[in-house]
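Input: a single structure, listed below in structure tokens.
Derivation of every value follows stated rules applied to the coordinates shown; laboratory data play no part. This one's a predicted model, so the numbers in the text were calculated from it and none came from an experiment. Cβ placement follows ideal geometry from the backbone for every residue including glycine, while neighbour counts extend to all protein chains displayed.
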RNA sequence: GCGAAAGUGGCGGAAUUGGCAGACGCGCUGGUCUUAGGAGCCAGUCCUGGAAACGGGGUGGGGGUUCAAGUCCCCCCUUUCGCACCA
């Protein structure tokens with residue numbers, strides 16, 4: 001960015017006498033009548049109703065739908081929705097057929113907790129909230145196609161959520177299993193792993209407990225590799241992709257079989273040796289010779305089988321204490337590792353050594369096989385444990401150029417090195433050793449190459465009322481029986497009195513809900529009392545937006561094929577893992593079932609930043625919540641939304657301050673005043689000179705900035721244009737002013753009409769009501785039903801951006817010493833000649849030798865002298 | 001501990017490929033109009049010396065590369081976010 005390109009800078013302008021404005025009537029932009037007027041017109045003309053049967057150049061613009069957990073739309077919603085709408089409106093003016101839907105993620109704990117707190121049925125409070133929020137949403141003036149609104153808590157919607165569950169069930173992707181799961185004692189329900197990050201409930205912050213319960217899972221782990229692999233095809237923030245990668249947590253290594261010293265029923269004995277085998281996963285098969293003991297997770301099913309009578313008491317006491325600990329305590333890395341010996345031994349697959357088997361809480365049942373080989377010399381956790389319980393430490397990887405003595409080690413050596421004490425592998429580099437050892441184990445049928453993931457299956461059942469009932473019937477004879485599709489939806493009973501959480505689903509206490517006939521055998525059977533995780537609802541809402549009224553299918557295949565995937569998805573980064581990963585999984589599963597023709601739902605994703613207030617996240621408890629309504633009422637919706645865009649980088653977020661909004665209000669007033677005074681009778685014809693340059697400069701930059709969601713700088717560029725126009729229109733400046741300014745050379749501005757028409761179109765996506773109003777002010781013949789949003793987005797003419805004079809910076813020894821007004825394609829020789837003549841440069845050049853000349857055409861000359 | 005991003009005036013924030021640091025806005029100062037001004041308009045506003053012209057310094061700290069560094073490299077500090085015994 002160089003000054004000479006700035007349309008409004010005029011640093012060489014001579015001071016002029018103050019000339020009083022003659023035509024400016026200062027008055028405030030009357031948003032109060034104007035904004036509702038245009039909203040009514042848009043409603044009337046169906047301006048925001050997208051004809052989905054004629055996609056044309058389609059553009060599916062999506063924001064994360066709102067969560068009616070309270071009655072109010074908060075500033076975070078505005079910050080997500082309003083700038084996103086500006087982007088989508090711009091797309092529309094670029095000629096895209098834009099579809100911008102809105103709906104309500106109305107099921108779930110927050111909505112239910114809100115209802116419970118007030119003793120009212122969640123259906124009532126939700127409907128109430130939706131009514132209020134919809135009104136507030138309408139104030140934004142966004143292009144929402146309200147004819148396609150969805151509400152995930154309506155039977156018309158959750159019927160199809162249940163249908164999707166059944167599709168997964170039929171494909172073996174929805175299954176029930178008994179497992180230690182996260183239990184939130186406050187919400188009285190189980191949670192998915194993603195919702196219990198760090199051991200606390202994602203909703204209420206309560207530490208979660210482990211409970212062994214039978215629950216429904218979606219087999220997302222089956223898609224781990226594909227979820228990982230197709231990330232590379234997505235235009236998503238790098239950070240979001242990394243988070244998903246980390247969450248999936250692929251790691252390569254080996255599965256290795258260790259023999260027990262006895263035979264246990266149900267456990268493999270492939271060699272018929274009379275001993276059972278168990279597997280462990282390791283990423284370091286090269287350290288296999290350094291194993292000195294084995295560790296099982298306390299929950300490991302073999303523990304009960306192998307524990308010797310002598311150790312039984314200690315083992316049981318230990319397991320008990322582990323179960324009482326919350327996950328927070330258990331996973332804290334601060335805490336010293338604890339464990340206990342089981343009395344049992346395993347046999348090393350290569351050396352035949354006896355290895356004591358311990359249980360310890362640092363081994364997690366949910367990862368790998370729930371058992372590990374312990375190599376204290378080369379794994380810090382094993383090292384700490386071995387030191388504490390005086391277990392042997394055996395060095396098998398030697399660091400380059402030195403040797404390790406276990407007696408003097410104060411931490412494990414985890415880096416690569418050379419294998420030692422490893423029989424035939426001695427001297428092998430550890431990296432190479434990984435595959436060499438795995439190969440040997442494979443030959444001996446005692447191991448294999450393997451990949452494991454951190455990702456766990458998605459636990460989807462919830463012991464709560466306000467959700468979509470799981471469409472499964474439990475029959476003593478037939479087992480798990482899917483509810484026949486023609487019987488969907490399984491309606492959530494409405495006349496429930498006690499929906500507060502009690503540890504099991506409130507539905508379990510309703511015989512009229514629970515008791516059914518088995519659809520297969522006709523005998524009495526029970527419904528599943530649990531409801532689905534809300535993230536199931538939100539994993540497919542973008543499909544339903546396209547066919548919200550269809551009661552024969554979940555979505556219209558033709559329309560879906562034409563409109564999806566979503567072209568631009570905008571929402572909070574807090575959904576980087578959960579919602580976005582779940583939705584990707586559901587879409588891939590539906591793709592495999594040939595129910596959709598795309599396997600990634602969101603081609604391009606961006607996150608808005610977070611708006612803080614006084615440095616903190618806004619929250620009721622901090623008392624720093626900014627109420628958008630107050631500002632909308634005072635300044636109007638356009639000013640409010642533009643200020644949010646102007647505050648800073650959209651993807652960065654920022655700190656709210658009341659003061660700054662006046663800057664935008666002034667801008668809008670000044671712009672409005674300009675049109676008020678000049679719209680009528682503005683000079684026809686083509687703009688020329690500096691005005692033409694400034695206009696095209698603005699078009700270029702606003703366009704570029706919108707492309708990258710840099711709303712703040714786009715608005716700055718428009719402010720510069722306005723400042724320049726006001727100066728030119730109000731005070732015809734002397735001819736001699738600097739190149740940067742707008743000068744007409746006469747009283748008026750030639751081509752002002754075109755300038756104003758273009759400006760109205762530029763500002764329209766940012767301030768839709770204002771844009772519409774300004775555009776209509778320009779031509780009395782324009783009907784109310786004509787819309788600026790049906791006008792083409794202005795295009796800049798590169799020729800208009802070519803200047804006949806540019807400011808060339810002259811440096812001496814890298815320091816700025818002069819500026820020259822020159823022809824842009826002037827050559828080095830001429831510039832040096834000009835520089836030598838410059839009086840300002842004389843003191844720096846006199847008596848010196850020019851040793852080097854650096855010339856950047858049209859920009860800079862640097863003379864190195866000495 | 002690991003991973004990612006960021007640190008620029010009183011404040012929010014701008015600055016293609018390294019090429020005029022501080023655009024735009026808030027706030028502040030002075031002026032103007034006014035019964036009044038917390039409205040509008042005009043001028044000024046990184047720090048520092050100077051009446052000015054014009055100098056000197058300056059993008060978290062330290063070093064380096066370069067004619068030239070907010071931007072590239074190395075070390076350090078701080079903040080935010082994410083993950084956190086994942087074998």
task = Against the globular-protein guess of 2.2 N^0.38 Å, express the Cα radius of gyration of segment A:169-208 as a ratio, rounded to two decimals.
result = 1.35
ask   = Using the alpha-carbon centroid of each, what span in Å lies between segment A:470-485 and segment A:337-376?
value = 41
message = So if I take the centroid of the Cα atoms in segment A:393-430 and the same for segment A:110-143, what is the distance between those two points in Å?
response = 63
request  = Please give the helix A:768-777 orientation as an angle from the longest Cα principal axis of chain A, in degrees from 0 to 90, rounded to the nearest 10.
outcome  = 20
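How would you order A:716-725, A:389-398 from highest to lowest mean count of nearby Cβ atoms within 10 Å?
Final packing ranking: A:716-725, A:389-398.
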note = Counting only DSSP beta bridges fully inside chain A, the antiparallel percentage to nearest 5 is 75
key: segment A:62-158: C-alpha gyration tensor shape, a/c 1.5 cut-off, then a/b vs b/c   = prolate
Burial order of peptide ranges A:448-461, A:44-57, A:635-648 (average beta-carbon count within 10 Å, highest first) = A:635-648, A:448-461, A:44-57
remark   = Ranked from fewest to most other Cβ atoms within 10 Å of their own Cβ, A:320, A:85 fall in the order A:320, A:85
note = For segment A:337-445, shape from the Cα gyration tensor axes a ≥ b ≥ c, cut at a/c of 1.5 then a/b versus b/c, turns out oblate
task = Sort segment A:229-357 into rounded, prolate or oblate with this rule: let a ≥ b ≥ c be the square roots of the eigenvalues of the Cα gyration tensor; rounded if a/c is under 1.5, and if a/c is not under 1.5, prolate when a/b is larger than b/c, oblate otherwise.
result = oblate
ask   = Tell me, what is the percent relative contact order of chain A, built from C-alpha pairs under 8 Å that lie six or more residues apart?
value = 16
query = So how tilted is helix A:380-389 from the main axis of chain A? Cα-based, degrees 0 to 90, rounded to 10.
reply = 40
query = Relative to the longest principal Cα axis of chain A, at what angle does helix A:637-646 sit, 0 to 90 degrees, rounded to 10?
reply = 70
query = Using mean Cβ contacts within 10 Å as the protection proxy, how do A:820-830, A:355-365, A:762-772 order, highest first?
reply = A:762-772, A:355-365, A:820-830
query = Dividing the convex hull volume of the Cα atoms of chain A by its residue count, what figure in Å³ per residue is obtained?
reply = 233
request  = Post the alpha-carbon centroid distance, segment A:431-456 to segment A:178-206, in whole angstrom.
outcome  = 34
